1. Return the lysines within reach of B:Lys302: Cα separation strictly under 28 angstrom, same-chain partners fewer than 8 residues apart disregarded; answer none if there are no such residues.
2. Can you give the Kirkwood hydrodynamic radius of the stretch B:1-127 from its Cα pairs, in Å with one decimal?
3. Quick check on my link table: of A:Lys108/A:Lys197; A:Lys46/A:Lys315; A:Lys46/A:Lys172, which ones sit more than 23 Å apart, alpha carbon to alpha carbon?
4. In angstroms, what radius of gyration and Dmax does chain B have, counting Cα atoms only?
5. In a Debye calculation with equal point scatterers on the alpha-carbon sites of chain A and no solvent, what is log10 I(q)/I(0) at q = 0.09, 0.13, 0.14 Å⁻¹?
6. Please compute the average number of Cβ atoms from other chains found within 10 Å of each residue's Cβ in peptide A:62-74.
7. With the calculation restricted to Cα positions, what are the radius of gyration and Dmax of the stretch B:86-230 in angstrom?
8. Tell me the relative contact order for chain A as a rounded percent, counting alpha carbon contacts under 8 Å between residues six or more apart.
Amino acid sequence: MALLEVKNLHLYYRTSRGPVRAVEDVSWQIGEGETLALVGESGCGKTSTASAVTRVLPRNVHRYDGEVWLDGTNVMAYDEEEFRKEVRWKGISMVFQGAMNSLNPVMKIGYQVYEPLTTHLEIEKEEALDRAREALKSVGLPEYTVKRYPHELSGGMKQRVVIAMALIMRPKIVILDEPTSALDVMTQANIINLLKKLKQEERVGYLFITHDLALASELADQIGIMYAGKLVEIGTAEEIYSDPKHPYTQLLLKSVPLLRGTRTPESIPGTPPDLINPPEGCRFRPRCPFAFEKCTQEPPIKWGDRLAACWLLEKGGMAA
Amino acid sequence: MMPDSNVVLQLDNVQTWFPVGAKVFRQPDMVKAVNGVTLNVARGETLAIVGESGCGKTTLGRTILRLLEPTGGRVIYDGRDITHLTEDHLEWLRRKAQMIPQDPYSSLNPAFPIYRVLEEPLVIHNVSGDGGRSELVYKALEDVKLIPPEQFAPKYPHMLSGGQRQRVAVARAVILNPELIVADEPVSMLDASVRISILNLMKEVQAKYNIAFIYITHDLATAKYFSDRIAIMYAGRVAEIAPVDSLIREPLHPYTKALMEALPDPDPNNRFRDRLAIPGEPPSLVRPPPGCTFHPRCPIAKAGWCDVEVPELRELRPLHFAACHLAD
């Protein structure tokens, strides 16, 4: 059974011009100790998907439905209070982009790390502090970090603190939304190594949100490619990197400049569509070099053992 | 130094230091952002300056454009020493050397339509061309593939996507027909799929007008794609400088090697192995470590040598220089 399963998730935002269809009919699952990377361009709905899963929503929600199964329970049925108590931190915790800047500058690190323990689990302060030290140690920070203030730490150290916070309640799933994009290459590599270690040792499942296909391959067992609010292809890392089926996935891979190897990167012409009036049928159709008549109809995603929402798969796929 | 007509820019031991924490009766500390950089840029060439944040790459770019005055050394542009020229004497340089900034969302005046954004430099430098300014503006828009230009000229920046705005920034940089463009992280805020199109566009205008580019970035992979030569900077100095192929094939400085190790290419096997990453952080630029500034993090540093003597750039392969005592 999947640890976290999302079925037919929708999230639309209300605007003066009409609803923005940010997440449309998205389904996927994550098993224990497994990582799903959601990859796509900005505005493709990857961060909105994370907001929908954790129910951290803005005020202008137009439509919000679907199923979110956490460890066998549909938590979408929970009311706000149950959701806060049972799901946030304990079941699913989050490391948001630039989260290191969200640390409170006038509070010591220790307190900020153990706070969820005292508020959610009513654990005594002394014990909570011990667990904070332990959590900081597990992310490679010295114990005395508990007594430091955020300004005394470097960016990489603060990001480790935020990861320690996300782990202290021993959640089953951690959502990582561009967790290293504000960091330098070398610091990024160190943080990714840490996340790999935690994945193996603690068996946490990650939902890893990034626009970077090279970085995604550092953690992902499964990759979901999102385009204009929809999941257009999902598969194992091997399937996506070695045998992508959707033209968008193929073009996205070809746009990555390689450090090793000689392939010349290619750009994808055009821009993503307006999510208020997305094109009929396949949303990638206006930019797709292979589009044909049938693409004005909504393509199904399932073709045999592969999941790619493209009509070309009906004809057995195209030459990559 | 011999004036060489093929060289557009020469830096000779350039230092740009900033005073911090000045108090009465106390000498201020100096942040040595650029601390002795020597290099040349040929006409029509692209030199990438690659390094982590705080290595001094942006300060170096601003010093080259003389937006900052160096504290030491010499900056020679087209055979003319511009190191200490005052702003009144730099008007010609403002025309010949341009900049493409990082953030297309804050670098275009939101109250100006694109036409005015592009007309502004022409007005300031009193350039009108044969067919008037509008012809030059439309030509620049065509150069950057914002076609048809009549349609883009009246638009305001907020009506354009990030990639289109960066095209406007490129048009603004080329409209005065410059010899040198300093592009400071011009694609780091753009989506992966758009990045390549902007780099291709810069390549295109470079070939068309024979412009030299200084491409400042933290990303070795795009530097490899876009540049002829790469200079790796660490703590205010050049650690290694070489033609792209030579540097990528055989990095000689331990820092360059570490930087390359840290950067993944898409590969499903990446998740099964740890990335080699050196621990620690870049050093303080106020009190940089003695000797080689990289020695505290260097996996091969030799005590008594690397922490004492500053390594000079040595040519270890043809045109391939590295500042490391132990590289050979």
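Bear in mind that the values in this text are calculations on the coordinates, not laboratory data. Please read all numbers here as calculations on a predicted model, not as lab measurements. So basically every Cβ, Gly included, is an ideal-geometry build from the backbone, and we count neighbours across all protein chains shown.
1. Within the straight-line limit of under 28 Å, B:Lys302 reaches these lysines: B:Lys32, B:Lys57, B:Lys257.
2. 16.7
3. Numbers: A:Lys108/A:Lys197 26 Å; A:Lys46/A:Lys315 29 Å; A:Lys46/A:Lys172 20 Å.
The pairs that break the limit, which is 23 Å between Cα atoms, are A:Lys108/A:Lys197; A:Lys46/A:Lys315.
4. According to the Cα coordinates of chain B, Rg and Dmax are 21.0, 67 Å.
5. For chain A, the Cα-only Debye profile gives -0.49, -0.99, -1.12.
6. 0
7. 14.7, 42
8. Result for chain A is 20 percent.
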